[in-house]
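Novice: Dropping the structure in here first, questions after.
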Amino acid sequence: MSQSFAELKRSSQSSLDALLKETNKLTSNESARGKDERFWQPAVDASGNGYAVIRFLPATKGEDIPWVRIFNHGFQGPGGWYIENSLTTLGKDDPVTKHNNMLWNRGDDAGKDQARKQKRRLLYISNILIVNDQKNPENNGQVKLFRYGKKIFDKLNEAMNPQFEDEKPLNPFDFWEGANFKMKIRNLEGYRNYDKSEFEAPSKLAEDDSKIEQTWASQYSLNEFTDPSNFKTYQELEAKLNKVLMTSTSEVTAEDVELAPEPAPVVKPPKESVAAAKSEESDDNMDYFQSMLKD
């Protein structure tokens, strides 16, 4: 049901509980081609370090959750690159997942290594307000879409689920009692690290509610990113996978799918691509995917 701005303000205090339910779902179970001008990414200096201040925004009109979660794959085979969104985003079977399960169940190191290289990767998309973009100040005050990985999502979740009794739960997506997010990017061994990032003290986005409502009206719908019509069919993805691997995936069986564990570690991508994030940062791989074109 569509929500009015007045209703949004009245529900400010209670909306945190609904978000906590969603984060619990995610943590308990756990693009598009060309440049999309709606998206923003923080710039870094020559040393790979960067700083920006952003504000995560609430769900836009007609939507309930202020983020979408997407799984995708990005790897190179003898037949080229496979860079596609995974149907597991929609809770459906995906040919890469099935093929990886078969490789893992073979039990040999070579199969497990290949499955790790082809594992699905996680990203989130939210609306943000750019408060301070040091490298590109012309972005300040603009509403943009922001892709981010598990590391930053964990920061959001930690704010909503504080570990200590003297910490008050924070809804970082709230206009009135949310908080600016200070994004501190460090280059550690060639990879982006967000450990130093933190929230400021809670504050109202703007003193004038009309300014807040204007920001809310400027947000982008997130529904398109999980609309089934924007995903390739299983058959199309399987054909692409067979082309990239120069093989057939028909040997995958239902038994393979049920028994296989989810491969955990991720290995570095080829040198000719922009590096994916390492270890716990492996989900923050936007530079990696944006640097490669589909076949």
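Every number here is computed from the coordinates shown, using simple stated rules; none is lab data. Please read these numbers as outputs of a predicted model, since none were measured by experiment. Here Cβ is always computed from backbone atoms with ideal geometry, including for glycine, and neighbour counts include all displayed protein chains.
Novice: Can you pick out the pairs among K9/K155; K35/K144; K9/K211; K112/K232; K112/K243 whose Cα atoms lie more than 18 Å from each other?
Specialist: Where the Cα-Cα span goes over 18 Å, the pairs concerned are K9/K155; K112/K232; K112/K243.
Novice: Given the stretch 109-210, what whole percent of its Cα pairs are spread farther than 19 Å?
Specialist: Result: 56 percent of Cα pairs exceed 19 Å.
Novice: In whole angstrom, how far apart do the alpha carbon centroids of the stretch 98-113 and the stretch 122-162 sit?
Specialist: Here the two parts' Cα centres lie 36 Å apart.
Novice: Can you give the FRET efficiency to the nearest 0.05 for F5 and T247, using r as the Cβ-Cβ distance and R₀ = 45 Å?
Specialist: 0.25
Novice: Are there chymotrypsin sites (Phe, Trp or Tyr not before Pro) in the stretch 111-215 that DSSP puts in a loop and that have at most 13 other Cβ atoms within 10 Å, and which ones?
Specialist: F164
Novice: Can you tell me which of 38-45, 78-85 comes out highest on packing, and rank the rest after it, using the mean Cβ neighbours within 10 Å?
Specialist: In decreasing order of mean packing, 38-45, 78-85 become 78-85, 38-45.
Novice: Spelling out what I want: for every residue of the stretch 83-97, take phi, set θ = phi - 60°, compute 6.51 cos²θ - 1.76 cosθ + 1.60 (Karplus), and round to whole Hz; glycine and proline get x.
Specialist: Values, residue by residue: 10, 9, 5, 8, 5, 5, 4, 9, x, 10, 5, 10, x, 5, 4 Hz.
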